[in-house]
Amino acid sequence: MTQQRPLVMRCGAFGDMVLLTALLRQLHARLGMPADIIASGSWSVPLLGGQPGVGEIFILRSRKSAYWASRSQQHLVRWLKARGAGPTWYCDSGAGRELLRRGGIADDFVCEDQSLARIPGEHFVDRWIRLANSTPPAFVGKLPATQARIESRAVISIDAAARSELEHWLARRRLSNRELVLLQTGNKRTMRGWLHTRATNTKYWPPERWAEVVRALRAARPEAALVLMGVPREFALNAQIMRRARVPGLHNVADDLPVRVLLPLLERATSLVSVDTGPAHAAAALNCPTVALFGNSDPLLYRPGGVTTPAITLVGEIDGRRNILGIQPAAVIAAWRELTARAR
């Protein structure tokens with residue numbers, strides 16, 4: 001039986017890495033040791049570091065550059081060689097597979113997502129659990145047998161230090177001891193370039209519709225703090241929504257929301273209304289009741305956090321095709337009322 005820690009490679013977006021926690025927990029339950037992770041994005045460390053089943057995290061900063069021109073790729077290969085080859089679960093596509101080979105990990109050491117049979121309508125959490133129970137060819141008979149399935153959901157653990165950091169953050173913003181209702185109005189496509197409404201931005205929902213939702217939330221929760229989240233590039237979008245809503249008690253925190261604060265904030269909040277994006281997955285994984293507005297992605301595959309989280313997904317249609325612009329504010333408000341009544 002191998003003593004080398006398992007290795008997982010997944011260079012995904014924030015929400016992708018939240019869903020990956022299911023694979024990491026299943027591997028941990030099966031093998032009894034944490035997995036080292038190759039990821040992209042510096043936020044992967046505060047998101048996954050210290051989570052059950054997580055060992056060392058290597059941040060690969062460039063996969064598309066030529067190998068000879070990428071110090072990050074070269075550093076990864078050196079790290080892999082020094083680490084030694086062991087059972088590996090490859091959850092990506094493209095150039096990353098060749099980097100594993102360069103690092104001394106033979107093909108028969110790898111379970112590859114692309115080789116796993118597709119099941120129509122299967123959520124990615126369930127797919128990752130199945131992949132974690134697969135065995136690389138070189139380790140058949142050498143690894144513990146398939147483990148009973150964990151619950152079909154992503155899970156994020158929050159430590160005491162992060163909760164303490166949140167308390168200081170709330171105090172600075174005079175939000176301590178307030179009910180927190182969160183909104184995530186943007187996504188990485190929304191803030192890429194200046195034209196928010198371009199055809200490739202399938203998750204854009206107009207500010208005037210967000211403003212209508214904000215007014216309804218304020219009427220339903222007159223004492224709550226309504227907190228508009230995001231990254232700094234989404235600050236202006238939030239400000240536009242706030243101007244249109246014209247209600248008191250709105251807080252635009254997109255200019256000051258590190259991941260170490262975001263996660264306990266999602267845990268503390270009583271609800272979140274969001275487009276289909278990373279914070280929605282994290283909120284659902286933290287048991288925050290979540291209403292998610294979907295563009296052209298399939299909610300059967302990408303429901304926030306998995307199939308057993310407290311979430312409602314909404315889809316719209318225009319001219320017979322799935323389109324987020326087909327979702328009306330009244331549907332969002334009704335879903336939020338249903339979800340929060342159920343949570344209470």
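Read-outs: derived from the displayed coordinates by stated rules, not from any lab. Keep in mind that this is a model prediction, so the values were computed, not measured. Note that we place each Cβ from the backbone using ideal geometry, even for glycine, and neighbour counts take in every protein chain shown.
Some points to look at:
- Region 153-274 shape via C-alpha gyration tensor axes, a/c threshold 1.5: oblate
- With Cα atoms, 0 to 90° folded angle of helix 71-83 axis to the chain main axis: 50 degrees
- Cα-based helix-to-principal-axis angle, 329-343 vs the chain, degrees rounded to 10: 70 degrees
- Proximal lysines relative to LYS188, as straight alpha-carbon distance under 24 Å, when same-chain residues fewer than 8 apart are discounted: LYS64, LYS203
- Shape class for region 1-160, computed from the alpha carbon gyration tensor (a ≥ b ≥ c): rounded, with a/c under 1.5.
- For region 68-178, the convex hull drawn through the C-alpha positions has a volume of 218 cubic angstrom per residue.
- Projected-area average for the chain over all orientations - Cα convex hull basis, square nanometres: 18.2 nm²
- Potential lengthening of the chain between ALA117 and ASP256 amounts to 45.8 nm, from the contour at 0.36 nm per residue minus the alpha-carbon distance.
- Full extension of the chain segment joining SER134 with MET33 gains 34.7 nm, where the gain is 0.36 nm per residue of separation less the Cα-Cα distance.
- For ALA35, distant residues with modelled amide H under 5 Å away: VAL54, GLY55
- Springs join every pair of Cα atoms under 10 Å in this Gaussian network model of the chain, and among TRP68, TRP205, TRP89 the largest mean-square fluctuation is at TRP68.
- Cβ-Cβ FRET estimate between ALA331 and SER62, R0 fixed at 45 Å, reported to 0.05: 0.65
- Shape category assigned to region 222-344 from the gyration tensor of Cα positions, a/c cut at 1.5: rounded
- For the chain, the relative contact order is 17 percent, taking Cα pairs closer than 8 Å that sit 6 or more residues apart in sequence and dividing their mean separation by the residue count.
- Simple spin-label estimate for ASP108 and ASP319 in nanometres, 7 Å along Cα-Cβ: 5.4 nm
- Label positions at LYS188 and ALA236, each projected 7 Å from the Cα along the C-beta direction, are separated by 2.1 nm.
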